[in-house]
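Right, one structure below, let's go through it.
The values are calculated or read from the model by the stated rules, or taken from the named source; none is laboratory data. Predicted, not measured: the structure shown is a model, and the values here were computed from it. Only protein heavy atoms, including side chains, enter the accessible area calculation; ligands, DNA and RNA are left aside. Shrake-Rupley method; radii C 1.70, N 1.55, O 1.52, S 1.80 Å.
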Amino acid sequence: MNHQRRTLLKASMATGTIAVALGAGLLTPQAVLAAWPKAAFDAKDVDEALSALLGSKQSSTSSDIQVEAPDIAENGAVVSITVKTSIPNAEQISILVPENVSPLCASYILSANTEGFVTGRIKMRKTSDVIAIVKAGGKLHKAKKSVKVTLGGCGG
Amino acid sequence: MAKKKMKIRAWTSDNRATVKAIIFHPMETGLRKDKASGKAIPAKYITEVNCKHNGKPLLTCLWGPGVSKNPFLSFRFKNAKAGDKLEITWIDNQGNTDTTVSKIS
């Protein structure tokens, strides 16, 4: 049984022509996913990532954002992070780790019905702050929490 | 063959829904090396996750390689009732994709 061929067939059925084009090597995934901000995820520092993702690096510290993370993370490969915010009309929540190779970990675009609450698990290379940026009404609000990492989780 | 790609739990209380989901995915950063051969393991990570509630967009997650293996996602939203349809779709940097539909209880 040719497993690669089976996978390709399955993918083709799921996404139609895009997957066919991918399978034939005509398009790279990046070209298809124009919406995914590659520059922001490739950025090597926080300011650069924020500029590429949100168009601005100016943010003000806000007490309406709570970053819940462990004080000490034993395994940097799995650090559970919860960001809660009571800022009205929050549009986007981004999670950044300045000490990682690429600081931007994840960004969540909220809709009108979604509450300012997301939980996820991220990788951390070493002890660092975890920065949460909340975009609301065109402004950026920031909060951070320091997490001590005893075993790094970004490969190597 | 039928290996589960995603687990979703969603429930409501007071018009408000809580969603918890786990996607089974290796989330390779592309920085890790295979210890035996010394070659870099190619990057394979989820770039986008779309969540829809009764067909309407609810949450879009943009993820990079910094998200852990077998990513966990939890969020809450308003105006939900039991029996509503919740659809979660992901796509990774290699073009793999999966959609799982679940009912809110």
Quiz item: How much of B:M27 can a 1.4 Å solvent probe reach, expressed as accessible area in Å² and rounded to 10?
Solution: 0 Å²
Quiz item: Gaussian network model of chain B, Cα springs within a sub-10 Å range: biggest mean-square fluctuation belongs to which of B:A40, B:A21, B:A80?
Solution: B:A40
Quiz item: Under a GNM of chain B (C-alpha, springs under 10 Å), which listed residue has the highest mean-square fluctuation: B:G66, B:G30, B:G38?
Solution: B:G38
Quiz item: Which pairs, out of A:K126/B:K35; A:K135/B:K52; A:K38/B:K35; A:K57/A:K145; A:K126/B:K44; A:K145/B:K7, put more than 24 Å between their alpha-carbon atoms?
Solution: A:K38/B:K35; A:K145/B:K7
